[in-house]
Amino acid sequence: VTNFIPSISAVTGITPQRYLWRICIALHCTPRFAVAFMYFNMYKGFLQSIKKEHQNLFLTLIKVNFWLNIMENSSLIGVTYISNKENYPIHEKIFIVFMATSLCYMLLNTILFRWTRDKVTEADEKSFKWKVLMFCSIMVATAGLLFFFVKHRFHCEPLAFSWFSLCEYVIAYTNMGFHMTAAYDFRNVTFYACTPAVYSTLPINGMLVNNNKKQR
């Protein structure tokens, strides 16, 4: 049948694109896992501000949110390194897990974000609106994806696979857009990579010195 847009799996499942795609996923997967822990710790820090009767529920939800994020990232790695050309049945099942965990995570993270914001800053408002927009967009795209998948798989209609692929691209970009809101949520967070100095216990001329004899 006639089609005009290849799917993401088709584009990234052949060389040399496959190598570039896998390198990019490998480079970004560690920061993605780190962000999952950051969100968990951020929400846990709001625990005392939640009404006492809701604290157990809130704690359960942030744990679920954390594991949904971990599963989403893990399944993204899975669909990347197990291409549809290498093992289509496994690739398809991992993609379903990715979609399910991604949608559930986006919804739950948006709810938790709003729940923990009594006083909303301008950055928080932008983050929340962007989260809602990306979630609504990905839900519409997912509905389209399922509709055109049925059209393609069971009816083999012309252009159905192209519209399926277009929905897939929208899902990919809205997913990335949602995760980019972490830039708003952690705008005041700074990472440091350094080796702590080892200080001597004896002062020299009233100055505390480190092991390189630099004055402090």
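Yes/no matrix, rows are residues, columns are (1) over 18 Å from ALA182 (Cβ atoms); (2) touching a residue at least 24 places away in the same chain (Cβ under 8 Å):
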residue: VAL11; (1), (2): yes, no
residue: ARG18; (1), (2): yes, yes
residue: ASN41; (1), (2): no, no
residue: LYS63; (1), (2): yes, no
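Is it true that LYS129 is over 18 Å from VAL170 (Cβ atoms), within 19 Å of the chain's Cα centre (by Cα) and surrounded by fewer than 17 Cβ atoms within 10 Å (Cβ to Cβ)? Spell out how you get there, then give the answer.
Details: over 18 Å from VAL170 (Cβ atoms): yes; within 19 Å of the chain's Cα centre (by Cα): yes; surrounded by fewer than 17 Cβ atoms within 10 Å (Cβ to Cβ): yes.
In short, yes.
Restrict the check to the stretch 69-81 and report whether at least one residue is over 17 Å from the mean Cα position of the chain (by Cα) and on the phi < 0 side of the Ramachandran plot. Let's see the steps before the verdict.
To start, the set of residues in the stretch 69-81 that are over 17 Å from the mean Cα position of the chain (by Cα) comprises 81.
Right, trim to on the phi < 0 side of the Ramachandran plot and you get 81.
Yes: one or more hits.
For the stretch 118-165, how many residues are within 20 Å of ALA36 (Cβ to Cβ) and free of Cβ contacts under 8 Å to residues at least 12 places away in the same chain?
Number satisfying all stated conditions: 0.
Take the residues in the stretch 1-42 that are closer than 22 Å to CYS167 by Cβ, part of a helix (DSSP H, G or I) and of a type in the set (Val, Ile, Thr); name whichever of them is modelled with the highest pLDDT.
Checking each candidate, the answer is ILE25.
One line per residue, one yes/no per condition, for (1) of a type outside the set (S, T, N, Q); (2) crowded, with 17+ Cβ neighbours inside 10 Å; (3) over 22 Å from ARG117 (Cα atoms):
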residue: CYS29; (1), (2), (3): yes, no, yes
residue: LYS44; (1), (2), (3): yes, no, no
residue: SER49; (1), (2), (3): no, no, no
residue: GLN55; (1), (2), (3): no, no, no
residue: LEU59; (1), (2), (3): yes, no, no
residue: VAL64; (1), (2), (3): yes, no, no
residue: ASN73; (1), (2), (3): no, yes, yes
residue: ASN87; (1), (2), (3): no, no, yes
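Could you list all residues from the stretch 106-125 that are more than 21 Å from THR60 (Cβ to Cβ) and of a type in the set (Ser, Thr, Tyr)?
Answer for the stretch 106-125, where residues must be more than 21 Å from THR60 (Cβ to Cβ) and of a type in the set (Ser, Thr, Tyr): just THR121.
Among (1) surrounded by 14 or more Cβ atoms within 10 Å (Cβ to Cβ); (2) of a type outside the set (Asp, Glu); (3) over 24 Å from PHE98 (Cβ atoms); (4) modelled with pLDDT of 90 or more, which single condition is VAL209 missing?
(4)
The values are calculated or read from the model by the stated rules, or taken from the named source; none is laboratory data. Worth saying up front: this structure is predicted, and the values here are computed from it rather than measured. With ideal geometry, Cβ positions are generated from the backbone for all residues, glycine too; neighbour counts draw on all protein chains shown.
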